Each structure stands twice: as structure tokens, then as C-alpha cells.
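**Q** Before I ask anything, here is the structure I am working with.
The values are calculated or read from the model by the stated rules, or taken from the named source; none is laboratory data. In this text the structure is predicted, and so the values were computed from the model without any measurement. All Cβ positions, even for glycine, are placed from backbone atoms using ideal geometry, and neighbour counts span all protein chains on display. For the accessible areas, the whole protein counts, side chains as well, though only heavy atoms, and no ligand, DNA or RNA atoms are used. Shrake-Rupley method; radii C 1.70, N 1.55, O 1.52, S 1.80 Å.
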Amino acid sequence: MNESKLRQAFSETLNIPLDMVNDELEYNTIKQWDSIAHMALIAAIEQTFDILMETDDIINMSSYAKAKEIVGKYVVALS
């Protein structure tokens with residue numbers, strides 16, 4: 001399941017429990033998701049899904065919900 005891979009990437013990269021990874025999770029709302037962690041998260045997502053995100057998508061990825069939308073552009077299905 002691709003969404004579970006995305007959740008796992010968030011959880012591992014940000015070092016937070018899986019249950020914290022939900023649509024309400026937003027950039028800079030937890031101390032673990034700062035600008036440095038954001039770039040690590042981008043790298044983890046790109047590696048997980050074997051994609052290369054456009055700069056605009058990297059900048060616009062401001063929440064887990066937005067990440068699902070963005071990754072969905074590159075990956076056929078997140079279910």
C-alpha cells in the first residue's frame with residue numbers, strides 16, 4: 001500500500017509515532033518537522049517512491065495531506 005509507505009517515511013524521517021502521521025500534521029507545527037527535516041523527508045519520499053519531485057512541489061509540501069496529493073501526481077495510486 002503506497003499510503004502506508006508514505007506514512008512510514010514520515011514516521012521514520014521525523015522520528016514520530018505512526019499515529020501522529022495524519023492529515024492534520026503540518027510543517028513547523030511539531031519541532032521534529034523543521035526545514036532540515038523537511039529536506040530529509042523529501043529525500044526519503046523520493047527514494048521510497050523512486051521519484052524526483054519538482055521544486056514547486058517540494059516548497060508546497062506543507063502538510064501530510066498535501067504530501068499525499070503531491071506524491072499522487074507521481075505515483076498512480078496511494079491506496
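**Q** Sort out which residues of the stretch 38-79 are in a helix (DSSP H, G or I), among the acidic types (Asp, Glu) and either more than 17 Å from residue 2 (Cα to Cα) or touching a strand residue (DSSP E or B) at 6+ places or on another chain (Cβ under 7 Å) (or both), and write them in order of number.
**A** 56, 57
**Q** Which residue out of 67, 43 is hydrophobic (A, V, I, L, M, F, W, C) and crowded, with 18+ Cβ neighbours inside 10 Å?
**A** Being hydrophobic (A, V, I, L, M, F, W, C) and crowded, with 18+ Cβ neighbours inside 10 Å holds for just one of 67, 43, which is 67.
**Q** Quick one: how many residues across the stretch 4-37 are open to solvent by 60 Å² or more (accessible area, probe 1.4 Å), outside any loop (DSSP other than H, G, I, E, B) and closer than 13 Å to residue 67 by Cβ?
**A** The qualifying residues number 4.
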